[in-house]
1. Considering only residues that are surrounded by 10 or more Cβ atoms within 10 Å (Cβ to Cβ), of a type outside the set (Lys, Arg) and modelled with pLDDT under 85, which ones fall in region 39-66?
2. Among the residues of region 9-29 satisfying the criterion of being modelled with pLDDT under 95, open to solvent by less than 80 Å² (accessible area, probe 1.4 Å) and of a type outside the set (A, V, I, L, M), which is farthest from the chain's Cα centre (by Cα)?
3. Output the residues belonging to region 70-85 that are modelled with pLDDT of 75 or more and either open to solvent by less than 100 Å² (accessible area, probe 1.4 Å) or touching a His at 6+ places or on another chain (Cβ under 6 Å) (or both).
4. Read through the list (1) of a type in the set (A, V, I, L, M); (2) surrounded by 10 or more Cβ atoms within 10 Å (Cβ to Cβ); (3) at pLDDT below 75, then give the number of the only condition that Leu5 fails.
5. Considering (1) assigned to a helix (DSSP H, G or I); (2) open to solvent by 90 Å² or more (accessible area, probe 1.4 Å); (3) charged (D, E, K, R), say which one Asp32 fails and leave the rest.
Amino acid sequence: MRDGLVGQGAEGLKDRIRELEAIKVEAKADADRAEAAIEKLGPMITPKSIERMATAAREGLRDADGKYRRAHVRSARRGDHASDHAGEDWAC
């Protein structure tokens, strides 16, 4: 098709191929930009941040008497985010 193998009546097909090739080039450029942005940010979740979060979660499970804090256990079970607990000491 690209090399002139398509007959004269296939001009619409040639136009569509050119259009699709342009879309492909744009998509590649978008993917390259996204990849560069990801690399620029670097790792957002590090082993150190996971360790801090796990320590805070373990410390928050029990109160000073050694009893479980029900609200903390429930929120950990539900998967609540630290931002949902403004004012609580999550130390993340």
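1. Thr46, Ala57, Glu59, Gly60, Leu61, Asp63
2. Residue satisfying both the conditions and the ranking: Gly12.
3. Of everything in region 70-85, those that are modelled with pLDDT of 75 or more and either open to solvent by less than 100 Å² (accessible area, probe 1.4 Å) or touching a His at 6+ places or on another chain (Cβ under 6 Å) (or both) turn out to be Ala71, Ser75.
4. For Leu5, the failing item is (2).
5. (2)
The values are calculated or read from the model by the stated rules, or taken from the named source; none is laboratory data. Note that the structure is a prediction, hence the values are computed from the model and not measured. Positions of Cβ are generated from backbone atoms using ideal geometry, with glycine treated the same way; all protein chains shown enter the neighbour counts. SASA here: full protein model, heavy atoms, side chains in, ligands and nucleic acids out. Shrake-Rupley method; radii C 1.70, N 1.55, O 1.52, S 1.80 Å.
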